[in-house]
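Peer 1: Here's a structure for you.
No lab work stands behind these numbers, since they all come straight from the coordinates. This one's a predicted model, so the numbers in the text were calculated from it and none came from an experiment. A quick note on method: Cβ atoms are made from the backbone with ideal geometry, for glycine too, and the neighbour counts reach across all protein chains shown.
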Amino acid sequence: MFQSAAVFCGSKPGSDPLFSQHAATLGALLAQHKITLVYGGGNSGLMGIVANAALENEGNVIGVMPKSLVEREFKHDRLTQLHIVEDMHTRKKMMYSLCDAAIILPGGYGTLDEVIEMMAWNSLSIHDKKVILLNSAGFYDPFVQQISIMREKGFLYTDPAHAFTVVDSPEAIFSNRLS
């Protein structure tokens, strides 16, 4: 099992209550399994939910936030560590360096950017991090379909089955098959 996980997700909670439920369960499970949570440092949306759940279960939580988002994403004040960095590129690079795996929850443009970059860097052998999509309420079904189309049309060098794993619940992340 990995020792630290970057969790990429929305700074808003989204419209389906399952998104928030999965974020809370994931945070609790990370803490219970003694896996350090590395995330964007905010206290709003799914980001805040996953961090608060980890903290409530005595987890180790590291936030990484660019200066420009400190007020917009409501910087979390109770984290184990909070790194304030210059920009989004520095944030992503630091988060990637601090994690053994990445878990992707529902989110917006930023979340999509982060998962694509993780997968691209794996493809380019810049790093080799496990990428897990938490497909809450089928949120990532269209994304997975698009990746399959990219492969079918000859734009990917590797089989997408090696690029990421899709799970439907936080509990599935901790099953033996993903350890």
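Peer 1: Quickly estimate the mean residue ellipticity at 222 nm for the chain, helices only: each DSSP H run with n ≥ 4 gives -39500 (n - 2.57), and the total goes over all residues, rounded to 500. Present the calculation step by step, with values, prior to reporting the outcome.
Peer 2: Working: 6 runs with 70 residues, N = 179.
After summing the helix terms and dividing by the residues of the chain, the value is -12000 deg cm²/dmol.
Peer 1: Per q in 0.18, 0.22 1/Å, what log10 I(q)/I(0) does a Debye calculation on the alpha-carbon atoms of segment 1-77 return?
Peer 2: -0.62, -0.90
Peer 1: In percent, how large is the relative contact order of segment 4-178, given Cα pairs closer than 8 Å and 6 or more residues apart? Before the final figure, lay out each step's value.
Peer 2: Working: 339 pairs, mean separation 39.6, N = 175.
Normalised by residue count, the contact order of segment 4-178 is 23 percent.
Peer 1: Determine, for each peptide in 37-43, 113-119, the mean count of other beta carbons within 10 angstrom over its residues, then list the peptides with the highest first.
Peer 2: Values: 37-43: 26.1, 113-119: 19.4.
Most protected by this proxy first, the peptides run 37-43, 113-119.
Peer 1: Wrap a convex hull around the Cα atoms of segment 123-179, take a quarter of its surface area, and give that in square nanometres. Write down the numbers at each step before the final one.
Peer 2: Numbers: hull surface 17.4 nm².
Over every viewing direction, the Cα hull of segment 123-179 projects on average to 4.3 nm².
Peer 1: Among K12/K129; K93/K130; K93/K129; K12/K75; K12/K93, which pairs are too far apart, with a Cα-Cα distance over 19 Å?
Peer 2: Details: K12/K129 26 Å; K93/K130 16 Å; K93/K129 13 Å; K12/K75 14 Å; K12/K93 23 Å.
The pairs that break the limit, which is 19 Å between Cα atoms, are K12/K129; K12/K93.
Peer 1: Where in segment 136-178 are there trypsin sites (Lys or Arg not before Pro) that are in a DSSP coil and have at most 15 other Cβ atoms within 10 angstrom of their Cβ?
Peer 2: K153
Peer 1: Rounding to the nearest 10 and keeping the result within 0 to 90°, find how far the Cα-based axis of helix 88-98 lies from the longest principal axis of the chain.
Peer 2: Taking Cα atoms only, the helix is inclined about 90 degrees.
Peer 1: May I ask you to list the trypsin sites (Lys or Arg not before Pro) in segment 1-78 that are in a DSSP loop and have at most 15 other Cβ atoms within 10 Å of their Cβ? Before the final figure, lay out each step's value.
Peer 2: Values: sites: K34, K67, R72, K75, R78; in loops: K34, R72, R78.
Counting only loop positions with at most 15 other Cβ atoms within 10 Å, the trypsin sites (Lys or Arg not before Pro) in segment 1-78 are K34, R72, R78.
Peer 1: In whole Å, what three semi-axes, largest first, describe the equivalent ellipsoid of the chain built from its Cα gyration tensor (square root of 5 times each eigenvalue)?
Peer 2: Values: eigenvalues 117, 65, 50 Å².
After diagonalising the Cα gyration tensor, the semi-axes are 24, 18, 16 Å.
Peer 1: Then there is this: Normalised by the residues of segment 38-91, what does the relative contact order come to in percent, with Cα pairs under 8 Å and at least six apart?
Peer 2: Values: 87 pairs, mean separation 20.9, N = 54.
Relative contact order here is 39 percent.
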